[in-house]
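Inspection log for the structure reproduced underneath, given as structure tokens.
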């Protein structure tokens, strides 16, 4: 009987007090954005994920909060579109492959170029160091330095190490994003 009341309560919350957050996921190609989004939305991790061409959108439901997540392609030809899809969102998530040390400088440059755009000022930024399950990776302190996160201003900036494959730290990601639902 308690299960029925819980379902009715959850339905009432979603129907009358629902909050939807718009989130844009960015990062270079092969950082793990699509895999992360698949796992967050209740799917399974797969090794053979096809690179995103353009963008994907998935909804992640947690209680009365729906995260509408835009996953944008990370190839150079798609990066000029990033700003357009990041304007007016509740949070920007920038995913970095912490095992691909050769691309950290490129990721930093792309992130800083984007964060300098006036149209994105004030939007909270969550940087995720993905692939923490791999052996040759940078630490979170090294990632913070490599991405020069301390010099990104005019917004809250947070950084977590995660593994979409092993689902490491994903609840912390959800909790950080949900914090912005309570600030709406």
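The values are calculated or read from the model by the stated rules, or taken from the named source; none is laboratory data. Because the structure is a prediction, the values reported are computed rather than measured. Every residue, glycine as well, gets a Cβ built from its backbone with ideal geometry; the counts of neighbours run over all protein chains shown.
Would you be able to tell me the number of residues in segment 137-155 that are outside any helix (DSSP H, G or I) and out of contact with any helix residue (DSSP H, G or I) (no Cβ under 9 Å at 6 or more places or on another chain)? Walk me through how you get there before you give the answer.
Pass one, segment 137-155, residues outside any helix (DSSP H, G or I): 137-139, 147-148, 152-155.
Then keep just the ones that are out of contact with any helix residue (DSSP H, G or I) (no Cβ under 9 Å at 6 or more places or on another chain); that gives 139.
Final tally of qualifying residues: 1.
Yes or no, residue by residue, for (1) in a loop (DSSP other than H, G, I, E, B); (2) within 17 Å of residue 32 (Cβ to Cβ); (3) touching a helix residue (DSSP H, G or I) at 6+ places or on another chain (Cβ under 8 Å):
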site: 94; (1), (2), (3): no, yes, yes
site: 119; (1), (2), (3): no, no, yes
site: 122; (1), (2), (3): yes, no, no
site: 160; (1), (2), (3): no, yes, yes
site: 178; (1), (2), (3): no, no, no
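Can you tell which of 77, 59, 6, 14 is assigned to a strand (DSSP E or B) and either at pLDDT below 80 or out of contact with any helix residue (DSSP H, G or I) (no Cβ under 7 Å at 6 or more places or on another chain) (or both)? Unique residue meeting the criteria: 59. The residues on offer are 103, 128, and the sole one that is touching a helix residue (DSSP H, G or I) at 6+ places or on another chain (Cβ under 9 Å), surrounded by 15 or more Cβ atoms within 10 Å (Cβ to Cβ) and at pLDDT 95 or above is 128.
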